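Remarks on the structure that follows.
The values are calculated or read from the model by the stated rules, or taken from the named source; none is laboratory data. No experiment lies behind these values; they were computed from the predicted model shown. Using ideal geometry, Cβ is built from the backbone for each residue, glycine included, and neighbour counts are taken over all protein chains shown.
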Amino acid sequence: MATLADATSLMPIRRAELAANLTAMGVPSLSTETFKALNAKVLTIPTDGTGEAESGDLDDPAVVYRKTRPDDWLKMPEVSENEIYLLFHLFAPTENLIAFTVTCTGSYLVEYGTVVNGSFVVSGSESVASGLSYEGTFGYGDWGDETSNAARQVMLKITGADILTFTQSLHSERNYAVYMSWNIVEFKGNLPSCTSCAVGSQTAASALQLLQYFSLEGTNNISNATNMFANCIGLLAITALYTSKVTNATGLFRVCTKLMALLDTFDFSNVTNASYMFYNTSSIQRIPSSWDFSSVTNISSMFYYCYSLIAAVLPITNITVASTPFTNCQSLKNILFTGSRTTFPAALTLQYSSLSSEAAVDFFNSLPTITTSRAITLTNTPAALTLTAEQRAVAEAKNWTITI
Amino acid sequence: MTTGSIELITLHADEGKVLTNGEAYSSPGGSVFLGVGDNPENWREITEEEYAEAMAARYD
């Protein structure tokens, strides 16, 4: 088995950073296979992109943004504090509705128009009291040229004092009871006082399903990010988001099925509830080793239906709820636990994962010794066919039962 | 220096049967390799039909 030191020489990309992170987390010596998988660069650019794939960090949201955003979309203007820009697409032949609610001090101003040479050009505006809904209706024929995706476009600018929350709203002209999936394709804001910016929703019809790009610059006060991006099934890249105050990340990226590029710089060190955090985030392939999940207590269904997830490192010291965190992770080749504890709250299902016997041994080596036995289900995995008695004994000696 | 040994117990499900401890399941006709503190009495055989019902209930 190769050592971590051996493996670092094989991986020139960010090897020092990864090695330092793993060492700091107390990860034991790894097989070369595991080390490669943890630092894999196997992402491919989305097929609906406009540019050529490049060999750089395609898991970098900035690269995905640059390579996939159509050139004929209006450029997003620079955003100042307490401003939001929304790129709104209009489709023929119907009138296009949009509604959202902002809470702030006093009223908020909604201006709409276009962008010329990077600057916002206003066509009209409306002032709305904090907490009340803005409802807009835009005719397709009234706005500019058609883009490559057969849309015309309006840029909306929202300004207000100390903006606290933004959320999409019902429109009085829409009959569907919960429909709020307006054609907003890009969100760019800077909201230092913000406590909630829910562009997603646990209910699909209430989420911005056409949203492709999201950026919330600067800091914010978001501690409860429950379902913030849930069901944003078109989302490709989050290019800026301050997460250091987030404690509840339940369903944060739930059903963001196209999202594959996530910021290495996300700070999840204060997150305690990560249940459903990546539920059906089915394009994500790796969990950056720089992410700190050491405060997490709830990992229930955390990676459920992450079909593309290849590798994950997860601190387990503080976990108290752990129901089915890795179920249906069919591409999962490597998983490592870090930290120590003497009990574990639930059985682990790695059924249908792609764990090899070598990777399973790495995982077994990362497990703590526990006083009450827990089961690890390895049915329908490559490891189930090839694990030797000696390899299984690594886990059994730590009081983990293996089912195949 | 002293040496010790641990007894490792393996359970095999009969054909068409699944082993479960109420929380984890083997594959039909599969095996369970017990951790050193686990007890064979924690495990029982169920039919594939019972297994299917349990899975359906879990993911409802």
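Remarks
- Test: B:GLU41 is among the acidic types (Asp, Glu), modelled with pLDDT under 95, surrounded by fewer than 12 Cβ atoms within 10 Å (Cβ to Cβ) and under 25 Å from A:ALA393 (Cα atoms): no
- Here A:ILE233 meets each of (1) among the hydrophobic types (A, V, I, L, M, F, W, C); (2) touching a strand residue (DSSP E or B) at 6+ places or on another chain (Cβ under 9 Å); (3) farther than 14 Å from A:CYS197 by Cβ with one exception, condition (2).
- Condition check for B:GLY35: more than 7 Å from every other protein chain (Cβ to nearest Cβ) and either small (Gly, Ala, Ser) or not in a loop (DSSP other than H, G, I, E, B) (or both): no
- Members of the stretch A:353-404 found to be among the aromatic types (Phe, Trp, Tyr) and over 20 Å from B:ASN21 (Cα atoms), listed by number: A:PHE363, A:PHE364
- Of the residues making up the stretch A:193-215, none is loosely packed, with under 15 Cβ neighbours inside 10 Å and under 20 Å from A:PRO77 (Cα atoms).
- A single entry from B:GLU23, B:GLU41 fulfils the requirement of being farther than 15 Å from A:ILE404 by Cβ, facing chain A (nearest Cβ under 9 Å) and within 11 Å of the chain's Cα centre (by Cα): B:GLU23.
- Filter pass, A:GLU186 being out of contact with any Gly (no Cβ under 7 Å at 6 or more places or on another chain), touching a residue at least 12 places away in the same chain (Cβ under 8 Å) and surrounded by fewer than 15 Cβ atoms within 10 Å (Cβ to Cβ): no
- Of all residues in the stretch A:359-388, those that are within 10 Å of another protein chain (Cβ to nearest Cβ) and in a strand (DSSP E or B) have Cβ atoms under 7 Å from Cβ atoms of residues that are of a type outside the set (S, T, N, Q) and surrounded by fewer than 17 Cβ atoms within 10 Å (Cβ to Cβ), 6 or more apart or on another chain, in A:ALA375/B:GLU23.
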